[in-house]
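To keep things clear, I will list the structure first and then write my remarks on it.
Please treat every number below as a calculation from the coordinates, not as lab data. This one's a predicted model, so the numbers in the text were calculated from it and none came from an experiment.
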Amino acid sequence: MIDIETTIQEAVKVAIKEYDKEKKIQGKRNAFHNTKLLMKHYNDLKEHVRRGISDVKELESSRGDFEELKNEIDDLYMNTDELFIESIKKSKSKSIIMIAHIDAALFALKSKHKNKGTIEKYLALENYFIKEKTYEEISEILNCGVNTPRRWINELTNELGVYLFGIDSIKLE
């Protein structure tokens, strides 16, 4: 006779194992997606930090003569919730930290591929995300097939995910 309790326990173990496996795969997909998303918006983040105004000194330097703007600034601070201003400061700070983190990861990735003699893979990634070139333009620059840059960029995006997200980007068995 079949022991129902044992069968249920075995079924639960299998289900949990499958769930864990799918969760790990999804985590890896998320890391790849998030890495690609960060790199897609890398230049936008840099521009946000460069142009973002988060304090009076930045407002003064971005608009010129402070005395002419004194009344406008006073109105701005009287009519703006300080929480909103803090939010802007935090957003700019987070962006600065993330850009520094991305830059460090890119430097490590570039060094790795320079040492391996595969710098063209890194250059494909750099041209695509930072210089905003198309796959066709990259294939001309690097004198390779049209599909090669896409393959290299996907490969290095996975590697970059490890530098950016650490263990969360690695599929563990």
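Pairs exceeding a 32 Å alpha-carbon distance, out of Lys94/Lys133; Lys46/Lys112; Lys17/Lys110: Lys17/Lys110.
Quote to one decimal, in nm, the extra length available between Asn154 and Asn34 on full extension: 0.36 nm per residue of separation minus the C-alpha distance between them.
Taking Asn154 through Asn34 to full extension adds about 41.9 nm, to one decimal.
At 0.36 nm per residue, and after removing the present C-alpha to C-alpha distance, how many nm does the segment from His41 to Lys116 gain when stretched out fully? Numbers along the way, then the final one.
Working: separation 75, 0.36 × 75 = 27.00 nm, distance 2.79 nm.
Full-extension gain reported as 24.2 nm.
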